[in-house]
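*Asks:* Could you have a look at this structure, given as C-alpha cells, before my questions?
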C-alpha cells in the first residue's frame, strides 16, 4: 500500500492526469483560448513529470550548505534545469499564441475556430 | 586532414548572433537588415563547405565549455549531419537572395532575424549530440517558423500559424515526455551514451519513449496522420518561407527522427511499420495534391507525398535505399524551392492563387516557367534530371531488398508517380494555354530572384553531371544511419 502511494508515483499520476486533461481540451474545444489553456495544462503536466524524474524521496535541494555536505541525499539538479528551460519555452509559445489570437480576433471577430474562414480544423 | 578546420560550433553561432545583431542594430541598419543576413548565410555556406571534407573523413566532436560528454553537451559533425547542413545553408542563402525583392514590407529586419533563427534551429538540430539540446533547437526552429507563416498577417496565415503552433507544441510536449522517461531510467541525455546503454531500459519503457519521440518529431516531419497542419501552413506562408519549410525543414525533422530511431532507440523492428506509414503518406499526399485548385496547396500536398517517399526509402533500412533517400532530399530541396519561388511571383503578378488564373503565363514569364517545368519534371523523376536517379535508386534498392511487402510498396510508389504526372499535366495545360490572361502582366521576375531560382535549378539539372560525388556523399552519410 505504501509502495504505491510514494510521492513519486502520486506526482506521476498528477502529471499524466494534467497531460490527458490538456490534450483532451486541445482535441475537443473550439475556442482558441481554451485550446491555449489546454496546451498550458499539458505543459505543466510534462514539467511535473520532468522534475519528478530526478526526485529522491526526502532529498534536499541540490545546494551545498553548512548542514549538507553529501550529494547522496540531494535531488538531481539536471531535470530542474531542463524544466526551467521548458517553462521559458512554454511561456514564449503561450505569448506568441495569445498574440496570434489578438490578430485573429481583429480579423474575424470570433474566437471559435470553426467559424473562421478558409481552413479546415 | 587539410589544415586547421573551423569548429562546427560556428555554424550555429554565426546565424544566431547575426539574428540578434540585426534586431539590436535595426535602427542603424534600417532597410539593410537582409544584407547582413545574406552575408551571414554566405559565411555559413563557406564554413560548411570547408568543414565538410574533414567531417566526411572522420566525425568531428566539439566539446562545449570544456566538459566532456556524457556530462557536458557536445556537437557531432559527421557526414550525415554535414551533408544536411550543406543542404540547409545553401537553400537558405539562395532563398535570402530571392527575399531581397520578394519581401517588400517596411520591417525587413524582422523577417531576416527570424529567418536566421530558423536556420540556427535546423543546423543545431542536425549537429547536436544531446537529446535535450535537440529539443531546444527544435523549439527555435518551430517558433520561428510559426511566426514566419503568419508573417503577412493575412487571415489565412494567422489561422494556419495558430493551427501549426498548437499541433507543433503537442509534438514538442511528446518529445519532452520521452526525454523525461529516458532521463528517469538512464540518467543521461547524451545521444551516444543513451544508445550505448539502451539495453538497460525495460522493453516497454524503451518502446514507449521511442513512440513519444517519433510522434513528436513526426508532427514536424508531417508524417501521416500528423500532417493536417502542413497544407495550410505551407500554402499560407510567404512563398520564400514555403520554399524553406518544404525544402528543408520537414526533411531535417524526418532525418533526425530516423536517426534517433536507428541509433538512439535502436528500434529497427518498427521500420516495416514506418515503411507502410511512408507509403500511405506518399499516396495521400499525391492524391490530395491532384485535387487542389490552388497552386501552393498543390505543392504543399506534393511535399507530403515526397516526405512519404523519403520516409519509405529510409525505412527500407539498407544503405543503398538510404543513400537514394538522401539524393531525393537534395533533389526535393532544390526542385520544391524552385516551384514555390516561381509560384510566389505567379501569385504576385496575377494576384490570384488559383491555377486556372495562370493561363498563358508560360509565355509571359518564359525563363521562370521553363525552370518551373524542369523542377516539376525532376520531382516526377524524368531523366536526365537528378530526380530520376534518386527515384530510380530508391525503387531498385527496395526491389533488391526482395521481400514481398517491399515489392508491393515499390509498386505503390510508382502509382504515386503516375498521379504526379497527372497533376503536372493539368498545370502545364493552363500555363501554356493560348487563352488570354485577363490581368495584364506588367513585369516578369526581378533579376536577383531569377538568379536564385536559376542556381536552385542547377542543383537538379546538373545534378546528373556530378552524380558520382553526390552519390558518394549520400552513401557515406547513409552509412552513419545504419
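*Asks:* Only one residue in B:413, B:430 is touching a residue at least 24 places away in the same chain (Cβ under 8 Å), over 26 Å from residue B:96 (Cβ atoms) and more than 21 Å from the chain's Cα centre (by Cα), so which one is that?
*Replies:* B:430
*Asks:* Out of the residues in segment B:145-159 meeting the condition of being at the interface with another protein chain (Cβ under 9 Å from one of its Cβ atoms) and not in a helix (DSSP H, G or I), tell me which one is farthest from residue A:75 (Cα to Cα).
*Replies:* Filtering first and then ranking leaves B:154.
*Asks:* From the list B:162, B:131, which residue is more than 27 Å from residue B:52 (Cβ to Cβ) and either within 14 Å of chain A (Cβ to nearest Cβ) or at pLDDT below 95 (or both)?
*Replies:* Within the list B:162, B:131, the selection yields B:162.
This table checks each residue for (1) out of contact with any helix residue (DSSP H, G or I) (no Cβ under 9 Å at 6 or more places or on another chain); (2) within 24 Å of residue A:88 (Cβ to Cβ); (3) within 9 Å of chain B (Cβ to nearest Cβ).
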| position | (1), (2), (3) |
| --- | --- |
| A:12 | no, yes, no |
| A:24 | no, no, no |
| A:49 | no, yes, yes |
| A:58 | no, no, no |
| A:67 | yes, no, no |
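*Asks:* Determine whether residue B:317 is within 19 Å of residue B:149 (Cα to Cα) and either surrounded by fewer than 24 Cβ atoms within 10 Å (Cβ to Cβ) or free of Cβ contacts under 8 Å to residues at least 24 places away in the same chain (or both).
*Replies:* No: the conditions fail for residue B:317.
*Asks:* Report yes if some residue within segment B:114-125 is part of a helix (DSSP H, G or I) and out of contact with any helix residue (DSSP H, G or I) (no Cβ under 7 Å at 6 or more places or on another chain); otherwise report no.
*Replies:* No, that holds for no residue.
*Asks:* Only one of B:393, B:452, B:433, B:406 is modelled with pLDDT under 85 and surrounded by 20 or more Cβ atoms within 10 Å (Cβ to Cβ); which?
*Replies:* B:406
*Asks:* For residue A:100, work out the one condition from (1) modelled with pLDDT of 80 or more; (2) more than 7 Å from every other protein chain (Cβ to nearest Cβ) it doesn't fulfil.
*Replies:* Just one mismatch for residue A:100, condition (2).
*Asks:* Another question, if that's okay. Could you please give the count of residues in segment B:172-194 that are free of Cβ contacts under 8 Å to residues at least 40 places away in the same chain, touching a helix residue (DSSP H, G or I) at 6+ places or on another chain (Cβ under 7 Å) and more than 7 Å from chain A (Cβ to nearest Cβ)?
*Replies:* 4
*Asks:* Let me confirm something: among B:34, B:53, which residue is within 21 Å of residue B:114 (Cβ to Cβ), at pLDDT below 90 and assigned to a helix (DSSP H, G or I)?
*Replies:* The conditions single out B:34.
*Asks:* Separate question: Report the residue count in segment A:35-59 for those that are loosely packed, with under 15 Cβ neighbours inside 10 Å and at negative phi.
*Replies:* 3
*Asks:* Do we find a residue being closer than 17 Å to residue B:100 by Cβ, crowded, with 17+ Cβ neighbours inside 10 Å and assigned by TED's automatic domain parsing to the domain that holds residue B:111 anywhere in segment B:50-64?
*Replies:* no
*Asks:* Additional query: Working carefully through the options B:398, B:334, B:375, B:343, find the one that is at pLDDT below 90, assigned by TED's automatic domain parsing to the domain that holds residue B:454 and buried (at least 22 other Cβ atoms within 10 Å of the Cβ).
*Replies:* Only one candidate passes the filter, namely B:398.
*Asks:* Restricting to segment A:47-80, what's the tally of residues that are assigned to a helix (DSSP H, G or I), under 24 Å from the mean Cα position of the chain (by Cα) and free of Cβ contacts under 8 Å to residues at least 24 places away in the same chain?
*Replies:* Adding up the residues that qualify gives 1.
*Asks:* Mind checking whether some residue in segment B:84-94 is in a loop (DSSP other than H, G, I, E, B), assigned by TED's automatic domain parsing to the domain that holds residue B:151 and in contact (Cβ under 8 Å) with a residue 60 or more places away in the chain?
*Replies:* So far as segment B:84-94 goes, no, none of its residues is in a loop (DSSP other than H, G, I, E, B), assigned by TED's automatic domain parsing to the domain that holds residue B:151 and in contact (Cβ under 8 Å) with a residue 60 or more places away in the chain.
*Asks:* Only one of B:64, B:90 is in contact with a strand residue (DSSP E or B) (Cβ under 9 Å, 6 or more places away or on another chain) and away from chain A (no Cβ under 14 Å); which?
*Replies:* Among B:64, B:90, only B:64 is in contact with a strand residue (DSSP E or B) (Cβ under 9 Å, 6 or more places away or on another chain) and away from chain A (no Cβ under 14 Å).
*Asks:* Something else: Identify, from the list B:105, B:130, the residue that is touching a helix residue (DSSP H, G or I) at 6+ places or on another chain (Cβ under 9 Å), crowded, with 23+ Cβ neighbours inside 10 Å and more than 21 Å from residue B:326 (Cα to Cα).
*Replies:* The conditions single out B:130.
The values are calculated or read from the model by the stated rules, or taken from the named source; none is laboratory data. Please read all numbers here as calculations on a predicted model, not as lab measurements. In this analysis, Cβ positions are derived from the backbone assuming ideal geometry, glycine residues included, and neighbour counts consider all displayed protein chains.
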